[in-house]
Amino acid sequence: MLRYFTKRQRIGIMSLFFFVFLMQIILIFASNNEFITHQLDKNTFTNLEQEYDSLQQNHLKKKTPKRFPFNPNFISSYKGYELGMSLKEIELLHNFRTVNNWINSAQDFQRITGVSDSLLAAISPYFKFPKWVTQSQKQIKSKPQKKSKLDLNSATAQQLEKVYGIGPKLSERIIRYREKFNGGFADMVELKAVYGLSQEVIENIREIFKIEHPRPIQRLNLNTAGQEDFVKISFIDYELAHNIVEMRTLKETYNSIEELTKLKDFPVEKLDIISLYLYVN
């Protein structure tokens, strides 16, 4: 077919074919190179992203303050904020500590502040209490269960004499006082009426005895009872009963039983026993 063209035309046609062929080669190479470049850019971005995440994690770790053991009784406002406590939780803690109360366990801390279980679990491993607190807690855990207490209203003289500080005379006085009432003791505070019993010995009795069935008491309204009613109460004689009624008339009403202590010759040390028989309405 080329023989119909002149030599110059044949050279031109061959040159055109060669140019078209060359352009196709260039286009194919450029397309492949763009794909390779795209893949390289994608891999590079992924690597940069991973490196950024790693650097960010390291920064957060450095930014998070390292925690050391601390006593939760001395958490400042800033320390509480740093631990993740709310303003209300910090305020509850400070109010509790203001009246010289102490937190001695993680359970105490949660009960006082109301922090969540998750926050308590995160910070309680760093709680550090004084040695005497941890030692006493260990003793409480290892301490055997106490025996059930005996009933004071059915205790024998021999049982009472097992209490440190009680001998035959004091045990006899306790039983004699108990037998004055039908039903025995109404409350442990009545032990104060037994001559010779110190407060220390009474506390020793509380360790061993309790009152299972207290003597029922019909209480009197301090603002309505008459003089004859008051004299039926132990430690109140006619003169004191008269003074109680007279002061009530002047005051018009009593607001509390403790106001009786302002009366002349009132047995203040027996107030808690007298209070068993009275109420204010």
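Please treat every number below as a calculation from the coordinates, not as lab data. Everything numeric here is computed off the predicted structure, so don't read it as measured data. Heads up, the Cβs are rebuilt from the backbone with ideal geometry, glycines too, and the neighbour counts pull from every protein chain shown.
Here are the numbers:
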{"read-out": "Integer Hz, Karplus 6.51/-1.76/1.60 couplings in order for segment 178-195, x for Gly and Pro", "value": "4, 6, 5, 10, 6, x, x, 6, 8, 7, 5, 5, 5, 4, 5, 7, 7, 4"}
{"read-out": "When each of 192/251; 169/192; 162/270; 147/192 is checked by Cα-Cα distance, pairs over 23 Å", "value": "192/251; 162/270; 147/192"}
{"read-out": "Added length on full extension, which subtracts the Cα-Cα distance from 0.36 nm per residue, residue 238 to residue 111", "value": "40.6 nm"}
{"read-out": "R0 of 45 Å, Cβ-Cβ distance residue 124-residue 218: FRET efficiency to nearest 0.05", "value": "0.30"}
{"read-out": "Modelled FRET efficiency - R0 30 Å, residue 156 with residue 255, Cβ distances, 0.05 increments", "value": "0.10"}
{"read-out": "Cβ-based net charge around residue 275, under 11 Å, with every Lys or Arg adding one and every Asp or Glu removing one", "value": "-1"}
{"read-out": "Förster radius 22 Å - calculated FRET efficiency between residue 169 and residue 149, Cβ distance, rounded to 0.05", "value": "0.40"}
{"read-out": "Proximal charge balance of residue 196 [Cβ under 10 Å; K/R count +1, D/E count -1]", "value": "+2"}
